[in-house]
Amino acid sequence: MKVREFLALVRDEVEASGIGDGPGQLQWRQRFSFLQCYRRDPRVHFEVWPQSRTGRVEVGLHFEGPREFSYRWAEAMARRAPEIMARLGPDVELEEWTPSWARLHRSLPFSELTPSLAREVATALRDFVRVLEPVIDEEWDAVLADAPTDVSSAPREGRRRFRRRSRR
């Protein structure tokens, strides 16, 4: 199965579940190699990213804004880590992805993209949305209210409260 077909099947499965319905329906973006959905701001989005080279498919919540924006979100998630891990499982990781982006994610192994894997990934994505959207809603105003107007002004020292991705 091609990546685009796989991602379309994941989206179809999630949409069929009704998880994206209601106020502020999920907005979708599909690129060749990944699928994203969000409600409020595309900088805070859920993502599915199959990586054939590593044989892993990532399902996660990404924070892809200016450094301070992303770090404030990561810190909010770190404070809620016990609650999140209790609901999503201990294999969920919070990490710095790039110098300005962070993510909360899990990675599933695969040897080939199949309809069965798409259903499994759709279930994982639905779980992420169900568990994390209420957290996003509860933290939204506090995270944005605490952000300085000049997002580049925050000092780097003492800010890292989550694991930095190892570069290989």
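Could you tell me which of the residues 92, 10, 3, 14 is under 14 Å from the mean Cα position of the chain (by Cα) and β-branched (Val, Ile, Thr)? Answer to the check: 92.
When restricted to residues that are over 18 Å from the mean Cα position of the chain (by Cα) and of a type in the set (A, V, I, L, M), the range 107-128 contains 2. Of the residues making up the range 81-130, those that are of a type outside the set (Ser, Thr, Tyr) and under 18 Å from residue 16 (Cα atoms) number 14. Evaluate the following for residue 55: is it on the phi > 0 side of the Ramachandran plot, surrounded by fewer than 20 Cβ atoms within 10 Å (Cβ to Cβ) and free of Cβ contacts under 8 Å to residues at least 24 places away in the same chain? Criteria not met by residue 55. Against the list (1) of a type outside the set (Phe, Trp, Tyr); (2) at pLDDT below 90; (3) open to solvent by less than 40 Å² (accessible area, probe 1.4 Å); (4) in contact with a helix residue (DSSP H, G or I) (Cβ under 8 Å, 6 or more places away or on another chain), the condition residue 99 fails is (3). Scanning the range 82-96 for residues that are open to solvent by 60 Å² or more (accessible area, probe 1.4 Å) and either within 17 Å of residue 48 (Cβ to Cβ) or in contact with a Phe, Trp or Tyr (Cβ under 6 Å, 6 or more places away or on another chain) (or both) turns up 91, 93. Among the residues of the range 102-143, the one identified as of a type outside the set (A, V, I, L, M), in contact with a helix residue (DSSP H, G or I) (Cβ under 7 Å, 6 or more places away or on another chain) and closer than 14 Å to residue 72 by Cα is 139. Scanning the range 67-86 for residues that are under 15 Å from the mean Cα position of the chain (by Cα) and over 14 Å from residue 139 (Cα atoms) yields one hit, 85.
The values are calculated or read from the model by the stated rules, or taken from the named source; none is laboratory data. Not measured: the values here are computed from a predicted model. Neighbour counts run over all protein chains shown; Cβ positions are idealised from the backbone, glycine included. Surface areas here come from the heavy atoms of the whole protein model, side chains and all, with no ligands, DNA or RNA. Shrake-Rupley method; radii C 1.70, N 1.55, O 1.52, S 1.80 Å.
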